[in-house]
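Undergrad: The structure under discussion is supplied below as structure tokens; questions concerning it will follow.
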Amino acid sequence: MPAPARRIPHPREKRMVFANIDREGYTPDIACYLRNGGYEDLKKAVTMAPADIVNEVKASALRGRGGAGFPCGVKWGFIRPGETKPIYLICNADESEPGTFKDRYIIHQDPHQLIEGMIISAFALNVHLAYLYIRGEFPLGAKILEQAIAEAKANGFLGKNILGTGFDLEIYVHRGAGAYICGEETGLIESLEGKRAYPRIKPPYFPAVLGLYQCPTIVNNVETLCHVKHIVRMGGAEFAKIGTPNNTGTRIVGVSGDVQRPGYFEIEVGSMTLGELLNDLCGGPKPGRKFKAIIPGGSSAKVFRADERFKIKVKGADGAMVEKEIGVMDIPMDFDTMAACGSMAGSGGVIVMDDSRDMVQTLNNLNQFYAHESCGQCTPCREGSLWMRKITDRMLAGGGAESDPATLASVSNNIAGKTICAFGEACSWPTMSFVAKFPEEFAALSKKPVPPPTPPEFISEILTGGQGQ
Amino acid sequence: MQIPPELTTLIDEAISHYPVSKRSASLPLLHLFQEHFGYISEETILWIAEKLELQPIAILELVTFYPMFRRTPPGKHHIRVCKTLSCALAGAEQLKADLCKATGIPCDGHGDCHGGAPGHGDPVVVSADGKFSIESVECLASCGTGPVIMVNDDFYEAVTAEEIPNLLSQYK
Ligand SMILES: Cc1cc2nc3c(=O)[nH]c(=O)nc-3n(C[C@H](O)[C@H](O)[C@H](O)COP(=O)(O)O)c2cc1C
Ligand code: SF4
Ligand code: FES
């Protein structure tokens, strides 16, 4: 396998979690990690009271990097003091949201950073058994992590009586097997219990209350757990100075699709706009092309039209909230403004489409994905994701009915909020937003004044207007 | 079914990772068997169920749920091609067709082509010489360097049509 090209960080990046990624001569073994100050933060952490580490994480205002952006300290705070049941920690390394590619680099190039983050988190949360759930398609990543765990154990950072503190911890790697829904934390837990990854209903199954083996469980993304290490090093208050209030720290964004230089960048949250990211860091559109559509936070995030404008409320100079109009390219890369503009920062995966792309075709690709990945427990999600796929399939095959855009909108509107897990939102938001924002492209393919044929077979006369195949 | 001693060691090791519930070892055991035998046979399902003190259906339902598990043997080298959006924008569909052509696997030209066989990689379509099999898969988390493929456990990024002959020739 050819060694991947090493990327040189862009000057506007602020590398913390990715500090060692692509560094010349940096290797994933523990010797290299220790030479670079590895496990010093763990040594500091074990001198602290666990509750103080939790407080530092709270003070840091770190938000989860897996997709939902939930404050990590608040989640950790759900573990009751004096809990008598065992508490588990799970690292979510399922990385399966289309457009997301960040955890893989930490796993492959700097596994000990993640292991150290997990040990510190486990110490803070009084966890003695932790699992690292990694997607099945990272076989090499799983081996690297297993090796890292063995090395950490051999060096006294894992296992019994860690660093002589009396604290015990085992971490095991658990491989998934190709199902996207294992990224959803309760689906992941079911999968780890050896079952189909059917997400659990919340309440009562909030992992922090009733998680793995019905015990309190904290599930965090790879990147989130790495941040914990840096929070311990610099202190929560110092960490919170990076980024903007409520949108603290750095985060890794990955840009794919129609830009000149796709890639991953670790940026201070909110330190640049979407336009700066796409133009300055990624070199702008391909020659002769214009941006048409941008999905800002993983395939589940609602799409933006490149010429869209928004009215958002921002804090004025006098501290009062004032309304301001901004364009898509002016949206800062943070959690809150992205949400205020109707989409989400999600997993940090930005997918760009230029004016050579057909939006129905683009949506159809995502509809295929979601129809394939629905776990099938909830009727609206199982049937709806398949319907959306069948409608866009049929439109592309030439059988678009006049009513299709409305039907797509109606199907998508009847999934979100009506399902067990957030896959319902994830699968319906693309259709909802594509149809709303590119009505002309959907209308252009929806000409036939006939009712949509009954899935699954498309009636060939309708597709071809009775002119045969 | 012959289970060699090395596999038995790995199985016991895997089960030891789940002190709370043996059932958790189901996926790891399925992986170990698929790695060793190439696919999941009826015998494997019965064996794992017995070992973990489960009903066979508890294992069968995993094999039918998780796309990575196969119930028929793949080619000597198994190719996965990512078909999801970022790779599709980078030309994954054409690449899949080119790979099918280079390996002599019939391709229906669609993203989820399994050489005309039903999807879910099951049964996997194998080239006539048994050397390769191809499967379309969803996002492999390397979207910035699409189109992305895996051959067995090896990862290849930004694969071009010109590279195919060289790439495949590494797999004897
Ligand atoms: C359908 C779906 C897929 C998800 N996939 C992932 C994933 O691949 N990786 C991940 O870290 N989180 C994923 N999540 C989010 C997790 O459920 C969970 O919120 C996250 O792991 C919590 O970690 P964090 O608080 O550190 O972000 C997914 C959520 C949903 C609804
Ligand atoms: S919303 Fe979809 S993926 Fe989630 S539990 Fe329901 S059917 Fe499964
Ligand atoms: S879309 Fe192919 S790797 Fe993500």
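Undergrad: Could you look through the range A:177-201, keep only residues that are touching a Ser or Thr at 6+ places or on another chain (Cβ under 7 Å) and in contact (Cβ under 8 Å) with a residue 40 or more places away in the chain, and pick out the one that is surrounded by the fewest Cβ atoms within 10 Å (Cβ to Cβ)?
TA: A:ARG200
Undergrad: Let me ask something else. How many residues are in contact with a Phe, Trp or Tyr (Cβ under 8 Å, 6 or more places away or on another chain) and under 17 Å from A:ALA130 (Cα atoms) when one looks only at the range A:163-174?
TA: So the count comes out to 6.
Undergrad: Any idea how many residues of the range B:82-97 are open to solvent by 40 Å² or more (accessible area, probe 1.4 Å) and away from chain A (no Cβ under 12 Å)?
TA: Going through the range B:82-97 one residue at a time, the tally reaches 1.
Undergrad: Please work out if A:THR431 is part of a helix (DSSP H, G or I), within 16 Å of ligand 1 (Cβ to nearest atom) and modelled with pLDDT of 95 or more.
TA: Judged against the criteria, A:THR431 is a match.
Undergrad: Further, regarding this structure: In the range A:319-339, which residue that is at pLDDT 95 or above and small (Gly, Ala, Ser) is least open to solvent (accessible area, probe 1.4 Å)?
TA: A:GLY327
Undergrad: Moving on. I'd like the residue in the range A:79-121 that is within 11 Å of chain B (Cβ to nearest Cβ) and assigned to a helix (DSSP H, G or I) and, out of all such residues, is nearest to ligand 3 (Cβ to nearest atom).
TA: In this case the residue turns out to be A:ARG104.
Undergrad: Please pick out the residue among A:THR27, A:THR47 that is more than 16 Å from A:ALA152 (Cβ to Cβ), of a type in the set (S, T, N, Q) and modelled with pLDDT of 95 or more.
TA: The match here is A:THR47.
Undergrad: Taking the residues in the range A:68-78 that are farther than 10 Å from A:ILE218 by Cβ and open to solvent by 20 Å² or more (accessible area, probe 1.4 Å) as candidates, determine which candidate is farthest from the other protein chains (Cβ to nearest Cβ).
TA: Filtering the range A:68-78 for residues that are farther than 10 Å from A:ILE218 by Cβ and open to solvent by 20 Å² or more (accessible area, probe 1.4 Å), the one farthest from the other protein chains (Cβ to nearest Cβ) comes out as A:VAL74.
Undergrad: Here's another thing I want to ask about it. Against the definition (away from every other protein chain (no Cβ under 14 Å) and either away from ligand 3 (no atom under 16 Å from the Cβ) or among the acidic types (Asp, Glu) (or both)), how does A:LEU212 come out, yes or no? Step through it out loud before you land on a result.
TA: Working: away from every other protein chain (no Cβ under 14 Å): no; either away from ligand 3 (no atom under 16 Å from the Cβ) or among the acidic types (Asp, Glu) (or both): yes.
Spelling it out, it is not the case that A:LEU212 is away from every other protein chain (no Cβ under 14 Å) and either away from ligand 3 (no atom under 16 Å from the Cβ) or among the acidic types (Asp, Glu) (or both).
Undergrad: Mind checking which pairs have a first residue in the range A:59-77 that is in a helix (DSSP H, G or I) and a second that is within 8 Å of ligand 1 (Cβ to nearest atom) and not polar (S, T, N, Q), Cβ under 8 Å, 6 or more apart or different chains?
TA: A:SER60/A:CYS72; A:CYS72/A:ARG63; A:CYS72/A:GLY64; A:LYS75/A:GLY64
Undergrad: Something else: Exactly one of these conditions fails for B:LEU7: (1) within 14 Å of chain A (Cβ to nearest Cβ); (2) closer than 27 Å to A:GLU170 by Cβ; (3) touching a helix residue (DSSP H, G or I) at 6+ places or on another chain (Cβ under 8 Å). Give me its number.
TA: B:LEU7 satisfies all of (1) within 14 Å of chain A (Cβ to nearest Cβ); (2) closer than 27 Å to A:GLU170 by Cβ; (3) touching a helix residue (DSSP H, G or I) at 6+ places or on another chain (Cβ under 8 Å) except (1).
Undergrad: How many residues are within 16 Å of ligand 1 (Cβ to nearest atom) and either more than 13 Å from chain A (Cβ to nearest Cβ) or assigned to a helix (DSSP H, G or I) (or both) when one looks only at the range B:37-81? Walk me through how you get there before you give the answer.
TA: Initially, the range B:37-81 is screened for residues within 16 Å of ligand 1 (Cβ to nearest atom), giving B:65-68.
Subset that is either more than 13 Å from chain A (Cβ to nearest Cβ) or assigned to a helix (DSSP H, G or I) (or both): B:65.
Residues that pass the stated criteria total 1.
Undergrad: Restricting attention to the range B:21-36, which residues are open to solvent by less than 70 Å² (accessible area, probe 1.4 Å) and either away from chain A (no Cβ under 13 Å) or closer than 20 Å to A:GLU137 by Cβ (or both)?
TA: B:SER26, B:LEU27, B:PRO28, B:LEU29, B:LEU30, B:HIS31, B:LEU32, B:PHE33, B:GLN34
Undergrad: Within the range A:421-445, can you find the residues that are over 15 Å from A:TYR370 (Cβ atoms) and open to solvent by 10 Å² or more (accessible area, probe 1.4 Å)?
TA: Step one: list which residues in the range A:421-445 are over 15 Å from A:TYR370 (Cβ atoms), which gives A:436-445.
Residues satisfying the conditions are A:ALA436, A:LYS437, A:PRO439, A:GLU440, A:GLU441, A:ALA443, A:ALA444, A:LEU445.
Undergrad: A follow-up question, please. Take the residues in the range A:340-386 that are open to solvent by 10 Å² or more (accessible area, probe 1.4 Å), more than 16 Å from ligand 3 (Cβ to nearest atom) and among the polar types (S, T, N, Q), then tell me which one is farthest from the other protein chains (Cβ to nearest Cβ).
TA: The qualifying residue farthest from the other protein chains (Cβ to nearest Cβ) is A:THR379.
Undergrad: List pairs: first residue in the range A:367-393 and more than 13 Å from ligand 2 (Cβ to nearest atom), second residue outside any helix (DSSP H, G or I) anywhere in the structure, Cβ distance under 6 angstrom, at least six positions apart or on different chains.
TA: Pairs found: A:LYS390/A:PRO455.
Undergrad: Ok, one more. If I go through the range A:122-169 residue by residue, how many of them are away from chain B (no Cβ under 13 Å) and acidic (Asp, Glu)?
TA: 1
Undergrad: Of all residues in the range B:98-127, which are open to solvent by less than 40 Å² (accessible area, probe 1.4 Å), in a loop (DSSP other than H, G, I, E, B) and at pLDDT 60 or above?
TA: B:ILE105, B:VAL124, B:VAL125, B:SER127
Undergrad: Further question: Is it fair to say B:GLU157 is at pLDDT 90 or above, within 25 Å of A:VAL352 (Cβ to Cβ) and open to solvent by 20 Å² or more (accessible area, probe 1.4 Å)?
TA: It is true that B:GLU157 is at pLDDT 90 or above, within 25 Å of A:VAL352 (Cβ to Cβ) and open to solvent by 20 Å² or more (accessible area, probe 1.4 Å).
The values are calculated or read from the model by the stated rules, or taken from the named source; none is laboratory data. These numbers were taken from a predicted model, which means no experiment stands behind them. As a convention, Cβ positions derive from the backbone with ideal geometry for all residues, glycine included, and neighbour counts pool all protein chains shown. Keep in mind that these areas ignore ligands, DNA and RNA; they rest on the heavy atoms of the full protein, side chains included. Shrake-Rupley method; radii C 1.70, N 1.55, O 1.52, S 1.80 Å.
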